[in-house]
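Written out below as C-alpha cells is the structure these notes cover.
Where a number appears in this text, it was derived from the coordinates with a stated rule and is not lab data. Predicted model only: the values in this text are computed from it and were never measured. Here the Cβ positions follow ideal geometry from the backbone for every residue, glycine too, while neighbour counts run over all protein chains shown.
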Amino acid sequence: MSERHPELEPDPWDDDDGRPMPGHRRRRVLRVVVLIALGALLLPLVLSAYSVARSAADRACSVYVAAYDTDAAGFRSSFDMFAPGGPGWECFAISEHGSERLLGNLGPMPTLPQPQQVGPDQRDA
C-alpha cells in the first residue's frame, strides 16, 4: 500500500494551480486596460514628435519665404497627407492681399535648406 505511484503525483512542470480560468468579461477588461496603458505611453511620444516637426516646419518655411518670396507678408506651414510631393509639411507664402502661394513640400520631418556647395571650378563662372 505504501508503493509510490509517480503517474498519480502532480507534474512539477504543469502550471495548473487548481484555479478556474478567468472569464470572458475579465479578459476583456484586462485587454481594455492594457490598450489604455499603451495609449498613455505612446500619446506623449506622438505629441512631442508633432510639436518638434511643427516648429521645424515653421522655421524652415520662414527661411524659404525670406529666400524665395521677398514680397510676402507672411508664411503658413501645414501638414498634408495627400500632397503632390507625398505626405509632409507644405510651405505657403502669404501675400499682403491674403492669397497663398505654395513654395514647396518640406517632407515629414522638415529641416532647414542646405546651402549649395560651390566647387572651385564653379566660382566666378
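Descriptive notes on the structure:
- GluC sites (Glu not before Pro) lying in DSSP loop within segment 69-103, provided at most 15 other Cβ fall within 10 Å: GLU96
- A crude spin-label estimate for the pair MET81 and LEU112, with each label 7 Å from Cα along the Cβ direction, gives 3.3 nm.
- The order of ARG26, ARG19, going from fewest to most other C-beta atoms within 10 Å of their C-beta, is ARG19, ARG26.
- Modelled label positions at GLU100 and SER51, each set 7 Å beyond Cα in the direction of Cβ, lie 2.4 nm from each other.
- Linear extension gain, ASP58 paired with ILE36, 0.36 nm per residue minus alpha-carbon span: 4.7 nm
- Cut-off 13 Å between beta-carbons: net charge of the residues surrounding ARG76, Lys and Arg +1, Asp and Glu -1: -3
- Net charge of Cβ neighbours under 10 Å - reference SER95; Lys, Arg +1; Asp, Glu -1: -3
- The listed peptides 34-44, 49-59, ordered by packing as a protection proxy, come out as 49-59, 34-44 (highest mean of other Cβ atoms within 10 Å first).
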